[in-house]
Ligand SMILES: [Zn+2]
């Protein structure tokens, strides 16, 4: 579960504050930090992951969860269920609009989520696909084993705790 949150604190706080206010939210310290954490994460983050990143601030996990829901409600974040029944949050914004199709790789073993870059969709001539997909306004999800999970020696180490037990289906 390699995640990089090294850029936290480097974003322009004044910009984030005015963005929150433009969306009708008060720019509280925890809300700013949650938005900043989503923006600097390299993949969608679960509530637990955001709470872990911000653990040193001593905020209640419920506060962080409410902030995630607030950001989702006003459209600054989106809530995703990538098939393992764990909600993950990702920031909305220019990135999605610029990149066309969004490809996500979800490890079916450890649940790690990452964005796939440099992958294109080839549609056969005459194939019946929805227009939104043809126009590349869509998200695609690939489920397979990540590199760490196909290496037997690393498999024992990947038994990280998850937020909840994935359900069947
Ligand atoms: Zn994995």
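The values are calculated or read from the model by the stated rules, or taken from the named source; none is laboratory data. Everything numeric in this text was worked out from a predicted model, so none of it was measured. Positions of Cβ are generated from backbone atoms using ideal geometry, with glycine treated the same way; all protein chains shown enter the neighbour counts.
Remarks
- Taken together, the criteria exclude residue 156 from residues that are more than 30 Å from residue 65 (Cβ to Cβ), at pLDDT 85 or above and surrounded by fewer than 15 Cβ atoms within 10 Å (Cβ to Cβ).
Conditions (1) modelled with pLDDT under 90; (2) outside the structural domain of residue 115 (by TED's automatic domain parsing); (3) touching a helix residue (DSSP H, G or I) at 6+ places or on another chain (Cβ under 9 Å), marked per residue:
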{"position": "24", "(1), (2), (3)": "no, yes, no"}
{"position": "27", "(1), (2), (3)": "no, yes, yes"}
{"position": "33", "(1), (2), (3)": "no, yes, yes"}
{"position": "52", "(1), (2), (3)": "no, yes, no"}
{"position": "73", "(1), (2), (3)": "no, yes, no"}
{"position": "81", "(1), (2), (3)": "yes, yes, no"}
{"position": "85", "(1), (2), (3)": "yes, yes, no"}
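- On inspection, residue 43 fails the criterion of being at pLDDT 95 or above and either in the same structural domain as residue 151 (by TED's automatic domain parsing) or under 19 Å from the mean Cα position of the chain (by Cα) (or both).
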